[in-house]
1. With the Cα gyration tensor of the range 180-255 giving a ≥ b ≥ c as the square roots of its eigenvalues, does the rule (a/c under 1.5 for rounded; else a/b larger than b/c for prolate; else oblate) give rounded, prolate or oblate?
2. For n ≥ 4 DSSP H runs only, could you compute -39500 (n - 2.57) per run for the chain, divide by its residues and tell me the 222 nm figure to the nearest 500?
3. Could you sort the peptides 213-226, 99-112, 278-291 by per-residue average Cβ neighbour count (10 Å cutoff), highest mean leading?
4. Which percentage, to the nearest 5, of the DSSP beta bridges contained in the chain is antiparallel?
5. Indicate the gyration tensor shape class of the range 156-291 (rounded, prolate or oblate), computed on the Cα atoms with a ≥ b ≥ c the square roots of the eigenvalues: a/c under 1.5 is rounded; otherwise a/b larger than b/c is prolate and the rest oblate.
6. Please arrange 271, 246 by how many other C-beta atoms lie within 10 Å of their C-beta, fewest to most.
7. Compute the angle between helix 153-166 and the longest alpha-carbon principal axis of the chain, please, reported from 0 to 90 degrees and rounded to the nearest 10.
8. Under the 0.36 nm per residue contour assumption, what length would be gained going from the current alpha-carbon distance of residue 221 and residue 46 to full extension?
Ligand SMILES: [Zn+2]
């Protein structure tokens, strides 16, 4: 089969490789669509694992197939995997965990001591014709949701998890900093979980338009607006939750904390530039400042249900659909060089 494998920094090769084989506990999937995300771009320019590294959960060295946001159809199921019919459309939860460490045992498998991502650290990936993954990381997609939409469930689950972690209650107000795929997902997830007023801070004109389209109640431009002042003018006292999805460092963190009401919760969702902040501000305000990583058991199901019942309509996130042959130039390179014009690029292997 054909697979897009990373051989080193900016060295992606479309290669003929053996089809992965079914093992106990797994299902084989023919990939429909695979998305490219910021983590993929970072891995493309600065590979996270050297080729000779063997991840304990995958047991194989590189070069690794890329792509961890993908949907597909089941083509084979191991005898010991229940209730997964051949032909079914599925989304794959690519975050693998050991199931034995303290975090896994309390259900926080996204915080597993030895977590690994299919499509980055081994285990195949979505940028190939077939992939074999554990049956317990498969989510069946209900009728009425397309394979293309199903490929968006992974990044939306990152956002869904962050909004859950914020403790946002119905009617609460929020601010999202950065309107890339994760920021727009945060906006949609906050609204779907019952948020009232949600403001977005974004620089790019195209992404500002998308934020309005996805239901932002206000869109501010941090290069022109004092975002904290504008938010406090709109919501006296400040908002209950704020999310950092821009990776823009100190100015973004200042806005993140500056928009909050006392006792509110700030969450960093995107990785990016390091930032300075003054922890004294947390003492006098009792602001909770934390992070959010990946997703766990209730997040994929929460997103799937929200798409099914129409609370989330994410299809406008997709700005480009390309083939595996074009993935490097029209996907990875285009996102690196003209990223503002794109949100989500989907690859059809
Ligand atoms: Zn673990």
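Readers should treat all values here as calculations from the given coordinates under stated rules, not as data from a laboratory. All figures in this text were calculated on a predicted structure; none of them were measured in a lab. Positions of Cβ are backbone-derived with ideal geometry, glycine not excepted, and every protein chain shown enters the neighbour counts.
1. On the way: a/c = 1.38, a/b = 1.07, b/c = 1.30.
Judged from the Cα gyration tensor, the range 180-255 comes out rounded (a/c under 1.5).
2. On the way: 11 runs with 89 residues, N = 349.
Taking each H run of at least 4 residues, the total per residue is -7000 deg cm²/dmol.
3. Details: 213-226: 16.6, 99-112: 15.0, 278-291: 12.2.
Put in order of decreasing packing, that is 213-226, 99-112, 278-291.
4. Values: 32 of 57 bridges.
Roughly 55 percent of the DSSP beta bridges within the chain come out antiparallel.
5. Details: a/c = 1.29, a/b = 1.16, b/c = 1.11.
Judged from the Cα gyration tensor, the range 156-291 comes out rounded (a/c under 1.5).
6. Values: 271 11, 246 26.
Fewest to most other Cβ atoms nearby, the residues stand as 271, 246.
7. Tilt of helix 153-166: around 40 degrees.
8. Details: separation 175, 0.36 × 175 = 63.00 nm, distance 2.99 nm.
Taking 0.36 nm per residue and subtracting the Cα distance, the gain is 60.0 nm.
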